[in-house]
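Each remark here refers to the structure printed beneath this line.
The values are calculated or read from the model by the stated rules, or taken from the named source; none is laboratory data. Remember, predicted model here, so these are calculated numbers, not experimental data. Note that we place each Cβ from the backbone using ideal geometry, even for glycine, and neighbour counts take in every protein chain shown. Protein only, heavy atoms only, side chains kept; ligands, DNA and RNA dropped before computing areas. Shrake-Rupley method; radii C 1.70, N 1.55, O 1.52, S 1.80 Å.
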Amino acid sequence: MKPGSKTGVVRRPLFVLASAILVAVLVVIVQNPSLAVDPQLSAGALTVFNRTSAAFEKPASNLNQDEIDRHDVGDPLFERSHIPLATHEDAGLGPLFNANSCVACHVRNGRGAPVPGVSLVRVALQEADGATPAPEWGWQIQDHAIFGHQPEATMDLTWREEPRTGNEPPLQKVHVDLIRPNGDVVADGEMNRSLRTAPPLIGLGLLEAVPDQEILSHADPDDGDGDGISGRAVLLEDEDGQQALGRFGWKAGTATVQEQTAEAYLNDMGLTTAAGPETNTTAEGQPADITWEELTAVTFYSQSLGAPATKRSGKDPVVSKGTSLFGDLQCATCHVPSHATSTDPDVVVQAIRDQTIWPYTDLLAHDMGPGLDDGVAEHGYTSSAEWRTVPLWGLGLTNRVNGTAGYLHDGRARTVDEAIRWHGGEAEASKESYLALAPGDRQALLDWLQGL
Amino acid sequence: MAEFRPFISKASLTLMAGLLVVGCAEKNMHADGVTPASVSRNFVENLVLPSYAELAEESGALEEALQALANDPTDAHLAAARQQWIETRPLWEITESWAFGPAATEGLDSDLDDWPVSVLELDQALATEPFTADTFSQLGTTSIGFHGIEFVLYGDGNERPTAADLTPQQTAYLARAGAAFHDTAEQLLSSWTGADGFGAELTGDPDGTVLEMIEGAIGALEEVHLEKLGAVLEEGPEGLESRFSGATNTDIVFNVVGAQRVFEDTGLKQLLTAENADLAEQLSESLAMSRAAAEAMPSMLSQRLDDPAVVESMETAIEATEEAFNLMTQALETLDSF
């Protein structure tokens, strides 16, 4: 709570003192430019100074009026509940879908809870190491349908505690039953299934603006430096053979925010999108449910969200201790703290250019070991055990924004501690080091993470 | 000069931080003994919990009225059901300033108040004989709740049905929709109540709760000016929330009343006054003006959008609520430790 005074008499000397402090701070910054790069400003100049449950819904701090107006056009579209329409066959929502709006899963732009209606299930056959989609359903189960249609299948989730390890509290894991419309349960051996929650939306425009070469500079696919941590860039290829670096989604399966938005419309809501500004049809020539203007507005809305300032300044002892431990445990090798965004003038929001940001990700895919192997190697771009390093900005606001929503792709981790303890594969050594920490140090690391 | 822009921005942020450091010298000075703890307690105990209790109670009355209509579809029962819908509706709209927490994270808001109505689906479902529990279970959130019930009670916005017009499927739907609605309203009340409820969580974090209260009001005011009215003027009447009953204007009034009660009835105004008396007074006046502007809008907006005077009344309400939104945002910035 910012305290203050009741009278101008009190305020005047405060203002004078504040001005003096400002001048002093400016002098220090001019003499030491690196001090201007404050990790508390997680999204650089786009940082949102808000740590309420609405923090993820706030537009970036430094948008100009035109950009704010564009952001405000996309906002209601992002929240719009879609319904079936009569304008063409299968117009509007569905007929098969997972949710009827973006916010149904990205609740308050944050994490979705691991429950039916808010999360979805990806599937793959067990053969070919999970790189083959289910013949009748593809990679994703549409578990809802508009009235008069049958969903592909519905999900029934059973949470089971794992055997305890040492004195650690038990972890939990979900078993997903898939139930066909006729009531038959899909046999476990028939296909692998992976529950997926919606990740927070914050800072997407900034992650999109991290230069490819910056991401590639952290890649070490063959573990050339022998540290046990590889990191592989996910190279996507379109039908024309054009390659792009995957950055978005749990397995880095899409390259741009617009592509991610269009895929969510199609796969999650059953809504087709226009192929360009001059047409109301899709790339396949079908009538589009979402116009180009709507698609670009929702994309812009996502790109122009900021990310919240951290709870504590960079000089706070909790931050010093936490970041030190984070580095010592090699967490920062994958959760790379900071990046600079592109200086390319051709960005969607000018404010995104040339920012130092603190997302704590390398945007690379890592083998996370058998505990997190979900059996689904989406589109063959990643193995079933590989996951894109999750950005950590806003992590400490999870409970405030989304109540009991969990961590990791299927929300299995009820706490950050559990999420860390699920790490394996390339992160096995880091996890073991975490488990070996003195209780005070472990808590210090968690306290810092809760301030992100 | 472009390369200096980020530095300038960071310097501005540093100024803000510096002012905060200085301001901390005056911590805990609030007028009339009002503290974040008293404000958050007032908010939970005297505003939110009674509001949800009243909503749950009147939802029970709505369920009964709809069941009575289903049992005996007379014009008297239809009129009573409509009247109960009209009386229940503001009790929800006023709560939209505190629709954070379980209403959002547990999906209860959608179950009660999703819109627009999925007319195609609902028409198809209501043409299904007989209308069973299984039929109802196939309907999504845009076919149930306030607006699904409203659609069947009032018709599609043209000629209102009489009891004789109602089909057995429609009355069966109303009975099931009423029961589901009451159930959800009870869940909402329960989620806030007791030692493990969301209300207790909020009173345990008074400083954070004061900011949540303001954010809640900001969200409600923003939805009014951007979506409930703003988008309608851009896109047409189908986006009007309560267009079948013609009660959108009343929705807006109670949205503003909710924001007003958060500010005026909890001690929040005194907290802000202690920081910035001018802003507190401006916000108070702005909320009153927003309410007056909302009250000046006529009913049945969907049928009057070609009347320039009606459009002007909506534009006035949009401007007034946008102004209140901006001032409420300033209040947040004033009271936030950032």
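Structure values in brief
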item	result
Top-ranked residue in region A:397-435 [being touching a helix residue (DSSP H, G or I) at 6+ places or on another chain (Cβ under 6 Å) and not in a helix (DSSP H, G or I); ranked as nearest to the other protein chains (Cβ to nearest Cβ)]	A:G403
Candidate set from region B:215-227 (those that are open to solvent by less than 30 Å² (accessible area, probe 1.4 Å) and within 8 Å of another protein chain (Cβ to nearest Cβ)); member that is nearest to B:V48 (Cα to Cα)	B:E215
Which listed residue, of A:G406, A:G380, is under 30 Å from A:A134 (Cβ atoms) and surrounded by fewer than 18 Cβ atoms within 10 Å (Cβ to Cβ)	A:G380
Region A:337-371 - residue that is surrounded by 21 or more Cβ atoms within 10 Å (Cβ to Cβ) and of a type in the set (A, V, I, L, M) and, of those, nearest to the chain's Cα centre (by Cα)	A:L363
Any hit, region B:73-93, residues being within 21 Å of B:I252 (Cβ to Cβ), assigned to a helix (DSSP H, G or I), in contact with a Gly (Cβ under 8 Å, 6 or more places away or on another chain) and not assigned by TED's automatic domain parsing to the domain that holds B:F244	yes
Exclusive hit being of a type in the set (A, V, I, L, M, F, W, C), crowded, with 22+ Cβ neighbours inside 10 Å and more than 23 Å from B:G239 (Cβ to Cβ), set B:A294, B:A331, B:A320, B:A324	B:A331
Some residue of region A:267-286 being open to solvent by 20 Å² or more (accessible area, probe 1.4 Å), free of Cβ contacts under 8 Å to residues at least 24 places away in the same chain and part of a helix (DSSP H, G or I)	no
Unmet requirement for A:P135, which otherwise passes all of (1) in contact with a strand residue (DSSP E or B) (Cβ under 6 Å, 6 or more places away or on another chain); (2) open to solvent by 50 Å² or more (accessible area, probe 1.4 Å)	(1)
Per-region count, region A:97-127, residues within 11 Å of another protein chain (Cβ to nearest Cβ), within 14 Å of A:P200 (Cα to Cα) and in contact with a strand residue (DSSP E or B) (Cβ under 6 Å, 6 or more places away or on another chain)	1
Scan of region B:108-153 for residues that are without any contact (Cβ under 8 Å) to a residue 12 or more places away in the chain and at the interface with chain A (Cβ under 7 Å from one of its Cβ atoms), ordered by number	B:L120, B:Q124
Qualifying residues in region A:71-94 (those that are more than 10 Å from every other protein chain (Cβ to nearest Cβ) and surrounded by 19 or more Cβ atoms within 10 Å (Cβ to Cβ)) - the one nearest to A:N402 (Cα to Cα)	A:F78
Within region B:264-279, considering residues that are open to solvent by less than 50 Å² (accessible area, probe 1.4 Å) and closer than 22 Å to B:I94 by Cβ, the one nearest to the other protein chains (Cβ to nearest Cβ)	B:L271
Those helices (runs of 4 or more DSSP H) lying entirely in region B:253-338 with at least 2 residues under 29 Å from B:T209 (Cβ atoms) and under 19 Å from the mean Cα position of the chain (by Cα)	B:277-295, B:308-335
Subset tally (residues that are within 14 Å of chain A (Cβ to nearest Cβ) and open to solvent by less than 50 Å² (accessible area, probe 1.4 Å)) for region B:80-107	11
